[in-house]
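What follows is a set of notes on a single structure, which appears directly below.
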Amino acid sequence: MKSDMKLLPIIIMLVAGGITAISTFLLGYESKTALWILVAVLVIFYILGLIFRKILLKFEAEIAEKEAKLSEEEGKVVEKQNGNENEELQQTGMEEDAR
């Protein structure tokens, strides 16, 4: 999933740049003005994409951490259950020996 996230800022920047280029052309801006607007939009949306990617990666790490804790707790429960079964088997074995 992290490799998908690597391209996220670039995709966001290019979509915003495309929309900006089309709208400045349709609105009849001069070329120089349109290019300055486009450069500003590209820089701003690239930075926003980086921030968005960082937030998504943070959420992904938190989810992975919670899943690891849950699986660890489930492992302890299984071990405890197996431990109880072993104790019961040992106790029944002792009772049979006593007979």
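The values are calculated or read from the model by the stated rules, or taken from the named source; none is laboratory data. As the structure is a computational prediction, the values presented were derived from the model and not from experiment. Neighbour counts run over all protein chains shown; Cβ positions are idealised from the backbone, glycine included. All accessible areas refer to the heavy atoms of the entire protein, side chains included, with ligands and DNA or RNA removed. Shrake-Rupley method; radii C 1.70, N 1.55, O 1.52, S 1.80 Å.
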### Message
Among the residues of region 53-67, are any touching a Pro at 6+ places or on another chain (Cβ under 7 Å), at pLDDT 70 or above, surrounded by 10 or more Cβ atoms within 10 Å (Cβ to Cβ) and among the basic types (Lys, Arg)?
### Response
yes
### Task
Answer yes or no as to whether GLY75 is open to solvent by less than 100 Å² (accessible area, probe 1.4 Å) and either β-branched (Val, Ile, Thr) or at pLDDT 95 or above (or both).
no
### Message
So if I check each of MET94, MET5, which one is touching a Lys or Arg at 6+ places or on another chain (Cβ under 6 Å), in a helix (DSSP H, G or I) and either of a type in the set (A, V, I, L, M) or modelled with pLDDT of 90 or more (or both)?
### Response
MET5
### Filter result (in a helix (DSSP H, G or I) and surrounded by fewer than 12 Cβ atoms within 10 Å (Cβ to Cβ)) within region 19-35
ILE22, PHE25, LEU26, SER31, LYS32, THR33
